[in-house]
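Enquirer: Take a look at this one; I'll ask things after.
The values are calculated or read from the model by the stated rules, or taken from the named source; none is laboratory data. All figures in this text were calculated on a predicted structure; none of them were measured in a lab. Cβ: placed from backbone, ideal geometry, glycine included. Neighbour counts: every protein chain shown. Remember, those area values only see protein heavy atoms, side chains included, never the ligands or the DNA or RNA. Shrake-Rupley method; radii C 1.70, N 1.55, O 1.52, S 1.80 Å.
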Amino acid sequence: MKELTELKVSAIKDGTVIDHIPAKLVFKVVSILTLEKIETQVTIGINLKSQKLGTKGIIKISDKFFKQNEINKIALIAPAAKINIIKGYEVVEKKIVEVPDEIVGIAKCMNPKCITNFESVTTKFKVVDKKKISLKCHFCEKITLKEHIEIL
Amino acid sequence: MKNKSLISITDYSKENYLRIIELAAEFEKSPVQNLLNGKVIACLFFEPSTRTRLSFESAINRLGGRVIGFADSGTSSVQKGESLKDTIMTVAKYCDLIIMRHPVEGSARYASEVAKVPVINAGDGANQHPTQCLLDLYSIQKTQGKLNNLNICMIGDLKYGRTVHSLLMAMSYFNPTFHFISPELLKMPDEYKLYLENLGIKYFEHEEFTGFISEADIIYVTRVQKERFSDPIEYEKVKNAYILKNNMLEKTKSNMRILHPLPRVNEIHTDVDENAKAYYFIQALNGVYVRQAIITSILGLK
Ligand SMILES: [Zn+2]
């Protein structure tokens, strides 16, 4: 089953495969990782069948290897994503997304009276609970809970 | 503390609190000194707060400093649509220190990150007002001769009242026991109770006044504001339940003092004012010494 899914998006020789992205959020991942600016070949698959997610998305980026802290930026939207590092068509390393200590510029502060909702200020949160994902705004100090997180 | 902005009470350590208290006591002994000679301090009040502004300006004037700024945003460039960033970056070029009050939460932290000079937060909406908290600490130290092991009773709006939250955080270094009295709707938020539990600090919650106030060293009263209630009937029901009256103070300890961040509406009956345990007017005066201490330590003059 897994192999069949993989085949739907062409294999890469060297690079990174980000698998198990919620189908609707593939382009969010593209923008958070600024893949639109990348010069190498990027292949995107959307609405692929997945036993776990129902449908899923996959992104394959040739000749690009991410640092763990770059990968962790997608923790809010694709916490279950699997990262495969490919060398010579083989998976040489697997990584998972870890919830970072700080989230910069990805989520919106839920406090309508917060400065980040008045001026063009890059949002910044401390992750105060990594399991339940609650974010404390660096500016207004209010907590945004997981169910209220809005991605910018 | 030199060159460091003061935005939130948690920006300071226990040692910093004690240092400010020590310096404030020095300024209380000799409040007129020429330490700020040649210094220009901007007081930017994007929303009016006469009490806080005058306290800061008095502190600066007594130390020989100069004040520039505005008392409300109606008279400033803000009305012309200038962004906070632009205002702060411009003003920072004209002064050595910025003191700002702004209705938007987080605005002071943001200003401190764009300004090239230190910023003191004089209130950012419902968020923080650290100089109030430091003057509360100073008042407690002064009236009790210590900060450790005190029994502190907080009354009123404990949900939205930023002064009680800051005081709770600051006092948590000094092994206090807390009693919280508020209507159900305005109870102390769980995050603060959890914070105390993690530190092993005792607290008790009450919906009405009972015998426990005879144990109190400090009674800290805050205003229950009508606008906090979506249902005006709810407000009518609770507004008179939390009024401190003189006859309630008979069995309280002799060292007990009543604090209030002011302005008061009716939550402390005027018959308390003559009681020697009423401390809220002197508390306001302490604000000048505490602000002198904060300003001079940030400017590295003390
Ligand atoms: Zn915020």
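Enquirer: Filter the range A:114-141 for residues that are open to solvent by 40 Å² or more (accessible area, probe 1.4 Å) and within 8 Å of the ligand (Cβ to nearest atom); which is farthest from the chain's Cα centre (by Cα)?
Expert: Ranking the qualifying residues of the range A:114-141, first place goes to A:Asn117.
Enquirer: Whether any residue in the range A:104-121 is more than 10 Å from chain B (Cβ to nearest Cβ), assigned to a loop (DSSP other than H, G, I, E, B) and over 20 Å from B:Pro103 (Cα atoms) is what I want to check.
Expert: Yes: the range A:104-121 contains one or more residues that are more than 10 Å from chain B (Cβ to nearest Cβ), assigned to a loop (DSSP other than H, G, I, E, B) and over 20 Å from B:Pro103 (Cα atoms).
Enquirer: More than 16 Å from the ligand (Cβ to nearest atom) and open to solvent by 40 Å² or more (accessible area, probe 1.4 Å): which single residue out of A:Asn69, A:Asn84 fits that description?
Expert: Only one candidate passes the filter, namely A:Asn69.
Enquirer: Look at A:Lys82 and say whether it is basic (Lys, Arg) and within 25 Å of A:Leu145 (Cβ to Cβ).
Expert: no
Enquirer: Say whether the condition of being under 23 Å from the mean Cα position of the chain (by Cα), in the same structural domain as B:Asn246 (by TED's automatic domain parsing) and without any contact (Cβ under 8 Å) to a residue 60 or more places away in the chain is met by at least one residue in the range B:220-228.
Expert: yes
Enquirer: Name the residues in the range A:142-152 that are assigned to a loop (DSSP other than H, G, I, E, B) and either within 23 Å of A:Thr34 (Cα to Cα) or within 22 Å of the chain's Cα centre (by Cα) (or both), would you?
Expert: Those that are assigned to a loop (DSSP other than H, G, I, E, B) and either within 23 Å of A:Thr34 (Cα to Cα) or within 22 Å of the chain's Cα centre (by Cα) (or both): A:Leu145, A:Ile149, A:Leu152.
Enquirer: Here's a follow-up. Residues that are over 24 Å from B:Ser30 (Cα atoms), over 16 Å from the mean Cα position of the chain (by Cα) and within 14 Å of chain A (Cβ to nearest Cβ), at least 1 per element: which helices (runs of 4 or more DSSP H) completely within the range B:49-126 meet that?
Expert: B:84-92, B:107-114
Enquirer: Just checking, which of B:Glu105, B:Glu82, B:Glu26 is within 21 Å of B:Pro261 (Cα to Cα) and either away from the ligand (no atom under 16 Å from the Cβ) or crowded, with 21+ Cβ neighbours inside 10 Å (or both)?
Expert: B:Glu105
Enquirer: Still on this structure, please answer the following. Within the range B:187-206, restricting attention to residues that are more than 14 Å from chain A (Cβ to nearest Cβ), under 18 Å from A:Ile143 (Cα atoms) and not charged (D, E, K, R), which residue is surrounded by the most Cβ atoms within 10 Å (Cβ to Cβ)?
Expert: Per the criteria, the residue is B:Met188.
Enquirer: Being β-branched (Val, Ile, Thr), more than 20 Å from the chain's Cα centre (by Cα) and open to solvent by less than 50 Å² (accessible area, probe 1.4 Å) is the requirement here; does B:Val238 meet it?
Expert: The answer is yes for B:Val238.
Enquirer: Report, ordered by the first and then the second residue, all pairs with beta carbons closer than 6 Å, sequence separation of six or more or different chains, a first member in the range B:272-284 that is surrounded by fewer than 19 Cβ atoms within 10 Å (Cβ to Cβ), and a second member that is among the β-branched types (Val, Ile, Thr) and not in a loop (DSSP other than H, G, I, E, B).
Expert: Taking only residues 6 or more apart or on different chains, the pairs are B:Lys277/B:Ile258.
Enquirer: Within the range B:1-46, how many residues turn out to be under 20 Å from the mean Cα position of the chain (by Cα), part of a loop (DSSP other than H, G, I, E, B) and of a type outside the set (A, V, I, L, M)?
Expert: Number of matching residues: 6.
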